[in-house]
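Before any comments, here is the structure.
The values are calculated or read from the model by the stated rules, or taken from the named source; none is laboratory data. This structure is a prediction, so every number in the text was calculated from the model and none was measured. All Cβ positions, even for glycine, are placed from backbone atoms using ideal geometry, and neighbour counts span all protein chains on display.
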Amino acid sequence: MDIIKIGKFIAEKRKEKKLTQEGLAEKLGVTSKTISRWENGNYMPDISLLKPLSEELGITVNDLISGEKVDKEHYQEKLEENIISTIDYTSKKVHEKSKLIAEMLMLFGIGLIFIAFTIFQAESSWGAIYSVLGLIISLIGFSKFNKKKSYIKRLFLNLGYFLLILILLIGIDYANVRLNKVAPRFSYLIKTTEDMIIYKAPLCNVYRINRNTKNEYYIVDTKKSYTEETVPVTPFNRDEAGIDNIIKFKNEYIGNNSNDSHLIDSLPLSEYEYEFEIDTKNLGLTIDYHITDWYINENQYLEKCLLYNTVSIFSLIDNVQSITFNFSGNSYKVNRKQVESLYPNYNDIISNELNKNNFNQYLENKMNDNEFIKTTFNKIFTK
């Protein structure tokens, strides 16, 4: 089928009938732009318009599809040829349209997945819902490419595509969890307790500790070795105040203002404005917090912070001898000798320079023991 030849034929016959493009378009119920596209050979008239177009031009459908007047001698031959070419052309157009729809569905589905990952927060269930919806839409588009294949091949191709995209989504989600310490989008089980939310995902378990507080933190358990009872839980932001972070500020001498400042910034109570000064002669450290002590002491939070900060500073700065914590209400003083003699297992914490496991066992984990906090705090601090 030569659509350029057909277009020229349409233009020729229209002019013979003394019809403008607008006039012919009005008779057929289309736009003049459509007529122009036919005559320029850009498009073929729709099958439903072949008969009315032929009648308006005073020709047969056979003439129209041939792009010329067909004589009686070759009429039957041309008719059969045109029927076959029309079927082929129609099939091609249907295939192109189906392919376009398939591509649009795949692009829309992938776009929906991208939007789900970028707009919705990780802990929002809508992110997972729209991601799966996008996967299904893109799968429908992909399946349209394979509809000519056998049932078994279509089944395996579609299943393979679904699993490939699903694994890719789970992998991206896992990487996001590891890098950004957030809740996984694709959790098959979510459990909420008083202190935490537990997300069980295909590649890891994630524990969201101190949820919805200023000290919220995440533990990503890739080995799935923790349970609700054994996962490290502290009242502080463990990502900042935990030994894995603050150990980098270990120093032999007090007086390195940059190092000391970064250490104090990482420890609890740094969320409140403060100033600090160093007594180089007596090797003392004074921290002035711009808040009243009783105001922040719900559930012994102040005592827990001061105990944790004290042991951390003495463990990480070798020669500091005393610390004073000043608040607008009271001051709390402590020295190294008091901690060494009165804080249980302090020597185990600093053995072999600094033992991380012992630090967590004898300091971090003790922050949940209110009786231990009360007893130990009263022993080593003076006002």
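Being among the hydroxyl-bearing types (Ser, Thr, Tyr) and either more than 27 Å from Lys181 (Cα to Cα) or part of a helix (DSSP H, G or I) (or both) is the filter here; which residues of the range 94-145 pass it?
Looking only at the range 94-145, we keep the residues that are among the hydroxyl-bearing types (Ser, Thr, Tyr), and these are 98, 118, 124-125, 130-131, 138, 143.
Within the range 94-145, Ser98, Thr118, Ser125, Tyr130, Ser131, Ser138, Ser143 qualify.
Restricting to the range 69-105, and then to whatever is modelled with pLDDT of 80 or more and not hydrophobic (A, V, I, L, M, F, W, C), can you tell me which residue is farthest from Lys15 (Cα to Cα)? Can you show your working first?
First pass over the range 69-105, keeping only residues modelled with pLDDT of 80 or more: 69, 97-105.
Filter again for not hydrophobic (A, V, I, L, M, F, W, C), leaving 69, 97-99, 103.
Details: Lys69: 15, Lys97: 32, Ser98: 36, Lys99: 37, Glu103: 41 Å.
Filtering the range 69-105 for residues that are modelled with pLDDT of 80 or more and not hydrophobic (A, V, I, L, M, F, W, C), the one farthest from Lys15 (Cα to Cα) comes out as Glu103.
Working carefully through the options Ile140, Ile152, Ile119, Ile129, find the one that is under 15 Å from Met106 (Cα atoms), outside the structural domain of Ile197 (by TED's automatic domain parsing) and free of Cβ contacts under 8 Å to residues at least 40 places away in the same chain.
Working: Ile152 fails: under 15 Å from Met106 (Cα atoms); Ile119 fails: under 15 Å from Met106 (Cα atoms); Ile129 fails: under 15 Å from Met106 (Cα atoms).
Ile140 is the lone residue from the list that is under 15 Å from Met106 (Cα atoms), outside the structural domain of Ile197 (by TED's automatic domain parsing) and free of Cβ contacts under 8 Å to residues at least 40 places away in the same chain.
Filter the range 159-186 down to residues that are in contact with a helix residue (DSSP H, G or I) (Cβ under 9 Å, 6 or more places away or on another chain) and touching a residue at least 24 places away in the same chain (Cβ under 8 Å), then give me how many there are.
Step one: list which residues in the range 159-186 are in contact with a helix residue (DSSP H, G or I) (Cβ under 9 Å, 6 or more places away or on another chain), which gives 161-162, 165-166, 169, 172-173, 176, 181-186.
Still in the running and touching a residue at least 24 places away in the same chain (Cβ under 8 Å): 162, 165-166, 169, 172-173, 176, 181-186.
Count: 13.
For the range 280-290, indicate whether the set of residues that are closer than 27 Å to Asn368 by Cβ, among the hydrophobic types (A, V, I, L, M, F, W, C) and not in a helix (DSSP H, G or I) is non-empty. Reasoning before the result, please.
Going through the range 280-290, the residues closer than 27 Å to Asn368 by Cβ turn out to be 285, 287, 289.
From what is left, the residues that are among the hydrophobic types (A, V, I, L, M, F, W, C) are 285, 287.
If we keep only those that are not in a helix (DSSP H, G or I) too, we end up with 285, 287.
Yes.
Filter the range 288-305 down to residues that are buried (at least 22 other Cβ atoms within 10 Å of the Cβ) and in contact with a helix residue (DSSP H, G or I) (Cβ under 7 Å, 6 or more places away or on another chain), then give me how many there are.
Here is the first cut: in the range 288-305, the residues buried (at least 22 other Cβ atoms within 10 Å of the Cβ) are 302, 304-305.
Checking the rest, the ones that are also in contact with a helix residue (DSSP H, G or I) (Cβ under 7 Å, 6 or more places away or on another chain) come to 302, 304.
The total comes to 2.
Looking at Tyr346, is it of a type outside the set (Gly, Ala, Ser) and either surrounded by fewer than 17 Cβ atoms within 10 Å (Cβ to Cβ) or touching a Gly at 6+ places or on another chain (Cβ under 7 Å) (or both)? Spell out how you get there, then give the answer.
Details: of a type outside the set (Gly, Ala, Ser): yes; either surrounded by fewer than 17 Cβ atoms within 10 Å (Cβ to Cβ) or touching a Gly at 6+ places or on another chain (Cβ under 7 Å) (or both): no.
Judged against the criteria, Tyr346 is not a match.
With Asn299, Asn251, Asn257, Asn282 as the choices, which residue is free of Cβ contacts under 8 Å to residues at least 40 places away in the same chain and of a type outside the set (Val, Ile, Thr)?
Working: Asn299 fails: free of Cβ contacts under 8 Å to residues at least 40 places away in the same chain; Asn251 fails: free of Cβ contacts under 8 Å to residues at least 40 places away in the same chain; Asn282 fails: free of Cβ contacts under 8 Å to residues at least 40 places away in the same chain.
The match here is Asn257.
Output yes when any residue across the range 360-371 is under 26 Å from Asp239 (Cβ atoms), within 43 Å of the chain's Cα centre (by Cα) and surrounded by fewer than 14 Cβ atoms within 10 Å (Cβ to Cβ), and no when none is. Quick ask: steps written out before the conclusion?
Of all residues in the range 360-371, those under 26 Å from Asp239 (Cβ atoms) come to 360-370.
Subsequent filtering for residues that are within 43 Å of the chain's Cα centre (by Cα) retains 360-370.
Next, from what is left, pick out any that are surrounded by fewer than 14 Cβ atoms within 10 Å (Cβ to Cβ): 369-370.
Yes; the residues of the range 360-371 include at least one that is under 26 Å from Asp239 (Cβ atoms), within 43 Å of the chain's Cα centre (by Cα) and surrounded by fewer than 14 Cβ atoms within 10 Å (Cβ to Cβ).
Within the range 158-176, does at least one residue satisfy the condition of being farther than 19 Å from Ala201 by Cβ, surrounded by fewer than 14 Cβ atoms within 10 Å (Cβ to Cβ) and aromatic (Phe, Trp, Tyr)?
Taking every residue of the range 158-176 in turn, none turns out to be farther than 19 Å from Ala201 by Cβ, surrounded by fewer than 14 Cβ atoms within 10 Å (Cβ to Cβ) and aromatic (Phe, Trp, Tyr).
Which residues, counting only those in the range 31-55, are surrounded by fewer than 18 Cβ atoms within 10 Å (Cβ to Cβ) and not polar (S, T, N, Q)?
Lys33, Arg37, Gly41, Tyr43, Asp46, Ile47, Leu49, Leu50, Lys51, Pro52, Glu55
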